[in-house]
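First up is the structure itself, then whatever we jot down about it.
The values are calculated or read from the model by the stated rules, or taken from the named source; none is laboratory data. If you're wondering where the values come from, they're calculated on a predicted model, not measured in any experiment. Cβ: placed from backbone, ideal geometry, glycine included. Neighbour counts: every protein chain shown. To get the accessible areas, we keep the full protein, side chains included, count just its heavy atoms, and leave off ligands, DNA and RNA. Shrake-Rupley method; radii C 1.70, N 1.55, O 1.52, S 1.80 Å.
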Amino acid sequence: MTDYRDFYRELRTDWLKLRGYLYDPKTLLPSLPTVIDGVRRRLEDGEGVGLVYLDPSAGGHLEASYGWQAYDELIGEVARELREFHVAELTRHDAVALSGVRSDEFLLFAGLDGNPSARLETLRRGVVSRIQASLGRLEGELYQAVRFDSAAVPLRLEPAMRIERAIYHSLQAARARCRRESDRRHSRQLGELRRILREGELLVRYQPIVDLRSGAVHGFEALASAATEEFFESPETLFTFAEESEVILELERLCRREAARRVTPLLGPAGTGAGGKLFVNCSAHAFADRRLRADLVDCALGAGLDPSDVVVEVTERTAVTEWRVFRRALHELRRAGFQVAIDDVGSGYSSLHAVAQIEPDYLKLDSSLIQDVHRSSIKRDLLETLVLLARKIGARSIAEGIEKAEELDAVRQLGVRYGQGYYLATPALPDRLGPVRWH
Ligand code: G
Ligand code: MN
């Protein structure tokens, strides 16, 4: 007798396997082979159909730096947004798909009537801005860093060509157009970066670091960015691009130079002792730069600052791989009189190992610990511990990212010595800095 149970079990296994080829398991979006038949039928019926192609530019990069799990989440968010777009703006004959299972190339097939090329372009813009806006509202660096390259192509019926193959050709054309577009953007950005380095054109904003006992300004952190957002929309994109283009040392040198050159009006006349300190950021890359010490000395003296008025903020955003080189550079800086701070203490970027290696003059306590500290007893315990640690190693503590009066009160009560953040003062150009709010 036939055992139907075995038969059905096999059938089910086959079906699951098949579904795994046809639908992406994470997003449940169909793959291209799944939707191609529907598209073919519409074209055969004489309908106009267009393809909007969306590709996360630098997707590979992002996945490599943030990990596949985080990247999967991102793809899931985009899929969800596209599905909503489908429901709101398209018909059930239209389709949203991935080029293949586990791919990160999104495809949107939509019927075109009226003016096909105008409709297609409107569709492409609509989709891209909707995705970009919805990702922008999410928490997380990855969501802020991602950008979508896109292209829209009408699908054409070529009488001599098999329709499915013509669709694949259109996909290739869309990919090629995206690549050309991103190459063009890349070379425009590279041109702009070279110009910035050549002409020294950078904006430097300064953010006060405030003594939480007296309200006096203890110093300013210098924060550099491109003069316009046209090519580099954030400091993050500028620095990442410079790193990829292997000119990060040049860019950091320029930032230090400009930070020192323009700080003078804030710190008071040289030699009067009226001034505070200048805090400058240095990545781990900069510590491998043999010119770091001489360069910093030049910057300081050029601006009429004593090296002891300059605090070098160390971040581990790019990991320190050569501790020996790093320690030697640090030692040289110290001997020249500079002070050292560890940035982002308490975040993933900053380890206790670094605290032990560096013996810093300042610990800058990461904004993730400060955010809503008045509502979290764990954060208060952690801060209390870090304040104690700072005291024990003879370092001074600075709370970063204070955005609310309650946070200010809490960190003050915990004995944090200095504070920085939008609540106290936002970063501003030297002639735009207003008074500090500290109550
Ligand atoms: O990693 P580092 O601490 O150097 O980063 C400084 C960055 O933090 C700057 O881009 C600055 O504009 C930003 N910043 C300064 N104060 C605040 C704040 O109160 N809240 C937030 N979210 N960012 C801040
Ligand atoms: Mn910093």
Residue within region 222-229 that is within 13 Å of ligand 2 (Cβ to nearest atom), in a strand (DSSP E or B) and in contact with a Lys or Arg (Cβ under 7 Å, 6 or more places away or on another chain) present: yes
Those residues of region 17-27 which are open to solvent by 20 Å² or more (accessible area, probe 1.4 Å) and touching a Lys or Arg at 6+ places or on another chain (Cβ under 9 Å), in sequence order: PRO25, LYS26
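Determine if region 46-64 includes at least one residue that is within 24 Å of ARG185 (Cα to Cα) and of a type in the set (Phe, Trp, Tyr).
Checked against the condition, which is being within 24 Å of ARG185 (Cα to Cα) and of a type in the set (Phe, Trp, Tyr), region 46-64 yields at least one hit.
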Test: residue in region 359-367 that is among the polar types (S, T, N, Q), assigned to a helix (DSSP H, G or I), within 16 Å of ligand 2 (Cβ to nearest atom) and under 26 Å from HIS285 (Cα atoms): yes
Residue check, GLY304 away from ligand 2 (no atom under 16 Å from the Cβ), at positive phi, touching a helix residue (DSSP H, G or I) at 6+ places or on another chain (Cβ under 8 Å) and at pLDDT 95 or above: no
Checking VAL297 against (1) at pLDDT 90 or above; (2) within 16 Å of ligand 2 (Cβ to nearest atom); (3) among the β-branched types (Val, Ile, Thr); (4) open to solvent by 20 Å² or more (accessible area, probe 1.4 Å), the condition it does not meet: (2)
Condition met for ASP295 (more than 16 Å from ligand 1 (Cβ to nearest atom) and within 24 Å of TYR423 (Cα to Cα)): no
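For (1) under 24 Å from ILE402 (Cα atoms); (2) among the aromatic types (Phe, Trp, Tyr); (3) within 21 Å of the chain's Cα centre (by Cα), each residue gets a yes or a no:
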{"residue": "VAL311", "(1), (2), (3)": "yes, no, no"}
{"residue": "GLU322", "(1), (2), (3)": "no, no, no"}
{"residue": "VAL325", "(1), (2), (3)": "no, no, no"}
{"residue": "LEU330", "(1), (2), (3)": "no, no, no"}
{"residue": "ALA341", "(1), (2), (3)": "yes, no, no"}
{"residue": "GLU359", "(1), (2), (3)": "no, no, no"}
{"residue": "LYS364", "(1), (2), (3)": "yes, no, yes"}
{"residue": "GLN371", "(1), (2), (3)": "yes, no, yes"}
Hey, LEU330 in contact with a strand residue (DSSP E or B) (Cβ under 7 Å, 6 or more places away or on another chain), under 29 Å from SER65 (Cα atoms) and away from ligand 1 (no atom under 16 Å from the Cβ) or not: yes
Output for region 341-354, where each listed residue is at pLDDT 85 or above and of a type in the set (A, V, I, L, M): ALA341, ILE342, VAL345
Selection within region 305-330 - open to solvent by 40 Å² or more (accessible area, probe 1.4 Å), of a type outside the set (Ser, Thr, Tyr) and over 18 Å from HIS285 (Cβ atoms): ASP306, ASP309
Members of region 360-401 found to be closer than 16 Å to ASP211 by Cα, surrounded by fewer than 23 Cβ atoms within 10 Å (Cβ to Cβ) and of a type in the set (Asp, Glu), listed by number: ASP361
Residue match in region 51-68 (condition: more than 24 Å from the chain's Cα centre (by Cα) and within 15 Å of PHE109 (Cα to Cα)): yes
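Restricted to region 335-349, and to residues that are of a type in the set (Gly, Ala, Ser), out of contact with any strand residue (DSSP E or B) (no Cβ under 9 Å at 6 or more places or on another chain) and not in a strand (DSSP E or B), which residue is surrounded by the fewest Cβ atoms within 10 Å (Cβ to Cβ)?
Top of the filtered list is GLY348.
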Residue tally, condition within 15 Å of ligand 2 (Cβ to nearest atom) and of a type in the set (Ser, Thr, Tyr), over region 368-389: 1
Test result for LEU429, within 21 Å of ILE342 (Cα to Cα), among the hydrophobic types (A, V, I, L, M, F, W, C) and either within 16 Å of ligand 2 (Cβ to nearest atom) or open to solvent by less than 50 Å² (accessible area, probe 1.4 Å) (or both): no
Test: VAL411 is more than 23 Å from PHE220 (Cβ to Cβ) and crowded, with 19+ Cβ neighbours inside 10 Å: no
Single unsatisfied condition, TYR206 versus (1) modelled with pLDDT of 95 or more; (2) under 16 Å from the mean Cα position of the chain (by Cα): (2)
Residue pairs meeting the criteria (Cβ under 7 Å; at least 6 apart or on separate chains; first free of Cβ contacts under 8 Å to residues at least 60 places away in the same chain, in region 145-156; second aliphatic (A, V, I, L, M)): ARG156/ALA166
